[in-house]
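The values are calculated or read from the model by the stated rules, or taken from the named source; none is laboratory data. Fair warning: this is a prediction, and the values are worked out from it, not measured in the lab. Using ideal geometry, Cβ is built from the backbone for each residue, glycine included, and neighbour counts are taken over all protein chains shown. Each accessible area value is taken on the protein alone, full model and side chains, heavy atoms only, with ligands, DNA and RNA left out. Shrake-Rupley method; radii C 1.70, N 1.55, O 1.52, S 1.80 Å.
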Amino acid sequence: MSTLRRLAPWCFALALVIYLRPYTGIRHDATLYLAQALRLLDPDIFNRDLFFVAGSQADFTLFPQLLASLLRHFQPGDLFLVLSLLGRIAFYGASWYLIRALFPPAWRWPSLLALIVMPTRYGAYSIFAYAEPFLTSRPYAEAMALFGLGFLVRRKHMAGILVLGAAGILHPLQGFAAVLLAWCWLVLHDRRWLWSLLALIPVIALAAFRVGPFAGLVIAIDYDWWELIYMSSGQIYLGTWEPRDWCIVLADFYFLYLLSRRAQADSLLAQFCAAALAAFAIGMTFSAVLADLLQLVLPVGLQSWRVLWLVHWLAMAGIPYLVWEQWQRTPREWVPVVLLVAIALTGASISRITLPWAVLGLIPLHILWPHVTRKVSAPTRAIVLVGLVAVIVAATFRYQMRAWLVFEVFGGDFERVRQDVVILGYPLFAGALSFGLVWLYGRGPRWGALLGALSIVGLVGSFLLWDSRSPWTRVMEGSPGTNVFGVALPRDASVYWYATEPSPLGPWLVLNRANYFSIFQLSGQMFNRGTSMQGIQRQLQVGPVNSQGEICDMVNAVNKDPHACWIGKPGLQYMCSPYRDVPAPDYFVLPFRQQEHVLGSWTPRHPDSGTPLGTFYLYRCSDWAGQGIPESENRLLAPEGLNEA
């Protein structure tokens, strides 16, 4: 019984980690790390890829080398699945290590559970998150950063510095944010660490002589480059963030401020919060001045605002402590407690689904309440409390309605959307479940043993459900380097693959060939001007086909006929005709059967039922190339020629 009780919190926490963040395959930035590793294995193929022609993000991390060495022995689909799970476990293991150093013993498990159930997103447009549910170097770098900070808090300075250095090698941006916080921590404890700023002298010298990436400290991004970055990667500039995004930043800042004030004076938690607030101020100021205002190349790429990942991490971990401390501070006073819960549920959630702007009223009310509480009558308190509950209910209702609408857009298919996770993973529900189980756990050994047994069952069930890749993703990841079209493509061929759901996996993983253009390839354009310039040229080259493809998707869906529409010949001639120094793709893949020049077709099938998932057709661009595009033609104008059956 005692063993089951000891296992209960560990198994429950791990079950939550696995259940709330199911694995959906090689997607998002995971595709970029796959390409970087594939390039190391087949440089003659991928050096021609847009993602690499002007330089690569892989120049700043060792992670692709590690992936490439493993891909020599394992299939990409299996490898990415296992490494994603290990990265997530490493992140929360490192979180536990730092939490143990910062929080009082009674609040360590509640803090870890809060980290698990609360949203992990920060920054603009809910794009960025820590502990991502797909494979990148970030979760591993974040885990090392948390371990490094844990070492520093325990005064193991050498170990902390070495581990933080390893984090920077894996992902410089996440590592730099942790180094900034670590430096603030060290300076707060010993002002002699200010002398470490002398290390900036050789950096400035290297910048003055324009050596390597340090030249970016004195070179500004020109207007043309800035405009292209702004179009597809504007989220890296603070000036593009929406008011809703700043509301989430405000909520994190407020929680951090409260932690620094309400933690025991001179405790490690209070000191760490002070260091985090200082790092927050420095990081955001650097971004605002050096990136947004001066447009310097290196600060733009360094994205020092990413210190927010640590600010958000600490704010989320501190919520249980703050709520309990508030209850102890004002016993039998529900309004300030519910205010904190409302701020957490609205301001710390996904920015485009819940109501983050509500914190603009909730935070001032929480600040003012202690000063006016004695003047507030009981009926007024009841009205305020009802209003706060209404805010929480409204945020929950809005989230659930949006969640069901998205589910309907995907055809109500549980294989494509884990709707159970979307619904039950809402912080109010997952948090209430966690709170209830923590309360029961403290009721006695028998309850603890029962929860231990249930947690083991939940852990097994979570593992069984964790691989939630859609049928299409499973097919793609199960076909690496396969001649699915029955046509041997030259190793130096580039392929444009149009699909309803954009992904570079078709050319990269299935065909093992260079991808002509995908919006994913522009993710690192702030590091290389050439990527931006060539990217926009290729985007214009495929623009007519892409636009017509989107229309055909709708036409075919309305008609429930995959052959109701196809791309017009002028659009294909436009794409396949080189323009000045912009090459055309060698081959292209469409989900539409054209009337001529079909080289091959592929009908992927559901891995379990064998049901067709659609058909893709391979074409050779030389069969469609026209007489060239006149020099005077406006490349922004898409030619006509859409065909419908």
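Here are several values of Cα extents along the principal axes in Å: (1) 126, 55, 46; (2) 105, 61, 48; (3) 82, 62, 51. Which one was derived from the coordinates shown? Calculated Cα extents along the principal axes in Å: the matching label is (3). Against the empirical curve 2.2 N^0.38 Å, the C-alpha radius of gyration of the stretch 33-117 lands at a ratio of 1.54. Beta bridges per DSSP, both residues in the chain: antiparallel share near 65 percent. Computed with every protein chain present, the accessible area of PHE253 is close to 80 Å² [probe 1.4 Å].
Residue order by solvent-accessible surface for ARG88, ARG398 is ARG398, ARG88, largest first, with ligands and nucleic acids left out and a 1.4 Å probe. Under a 5 Å amide H cut-off, with hydrogens placed 1.01 Å from N, ARG605 pairs with LEU613 among residues at least 5 apart or on other chains. Looking at the stretch 530-595, the trypsin sites (Lys or Arg not before Pro) that sit in a DSSP loop and have at most 15 other Cβ atoms within 10 Å of their own Cβ are LYS560, ARG580, ARG593. Of the peptides 169-180, 561-572, the order by per-residue mean of other Cβ atoms within 10 Å, starting with the highest, comes out as 169-180, 561-572. Can you pull the percent of the stretch 1-80's accessible area that's carbon plus sulfur, 1.4 Å probe, other chains left in place? Percent of accessible area from carbon and sulfur atoms in the stretch 1-80: 60. Using only the alpha carbons of the stretch 390-491, what is the convex hull's orientation-averaged projected area in square nanometres? If you wrap the Cα atoms of the stretch 390-491 in a convex hull and average its projections, you get 10.9 nm².
How big is the charge dipole of the stretch 206-254 about its Cα centre, in debye rounded to the nearest 20, if each Lys and Arg gets +1 on its Cβ and each Asp and Glu gets -1 on its Cβ? Using only the charged Cβ atoms, the result is roughly 180 debye.
Estimated from helical segments only, the mean residue ellipticity of the chain at 222 nm is -18500 deg cm²/dmol, where each DSSP H run of four or more residues counts as -39500 (n - 2.57).
Rg/Rh, computed from the Cα trace of the stretch 237-286 with Rh as the Kirkwood radius, has the value 1.07.
Under the convention that each Lys and Arg Cβ holds +1 and each Asp and Glu Cβ holds -1, the size of the dipole of the chain around its Cα centre is about 2820 debye. For the stretch 546-574 versus the stretch 100-138, the inter-centroid distance based on Cα atoms is 43 Å.
Exposure check, 1.4 Å probe, all protein chains in place: TRP602 carries approximately 30 Å² of accessible surface. Average accessible surface for the chain: 44 Å² per residue, computed with a 1.4 Å probe over protein heavy atoms with every protein chain in place.
Taking amide hydrogens as placed 1.01 Å from N in the peptide plane, the amide H of TRP497 sits under 5 Å from those of TYR516, PHE517, VAL589, each at least 5 positions away in sequence or on another chain.
Label-to-label distance, VAL582 versus ASP42, with points set 7 angstrom from Cα along the beta-carbon direction: 2.7 nm. Applied to the stretch 19-26, the Karplus parametrisation 6.51 cos²θ - 1.76 cosθ + 1.60 on θ = phi - 60° returns per-residue 3J(HN,Hα) values of 6, 6, 10, x, 8, 10, x, 7 Hz, with x for Gly and Pro.
Placing one equal scatterer on every Cα of the stretch 51-178 and applying the Debye formula, the log10 ratio I(q)/I(0) at q = 0.11, 0.14, 0.20 Å⁻¹ is -0.43, -0.69, -1.24.
Of the residues PHE74, PHE134, ranked by 1.4 Å probe accessible area with the largest first, the sequence reads PHE74, PHE134. In terms of accessible area, using a 1.4 Å probe and ignoring ligands and nucleic acids, ILE45, ILE201 rank largest first as ILE201, ILE45.
Stokes-Einstein diffusion of the stretch 309-393 at 25 °C, 0.890 mPa s viscosity, Kirkwood radius from Cα pairs, rounded to a whole number: 181 µm²/s. Of the whole protein surface, TRP246 contributes about 90 Å² of accessible area at a 1.4 Å probe radius.
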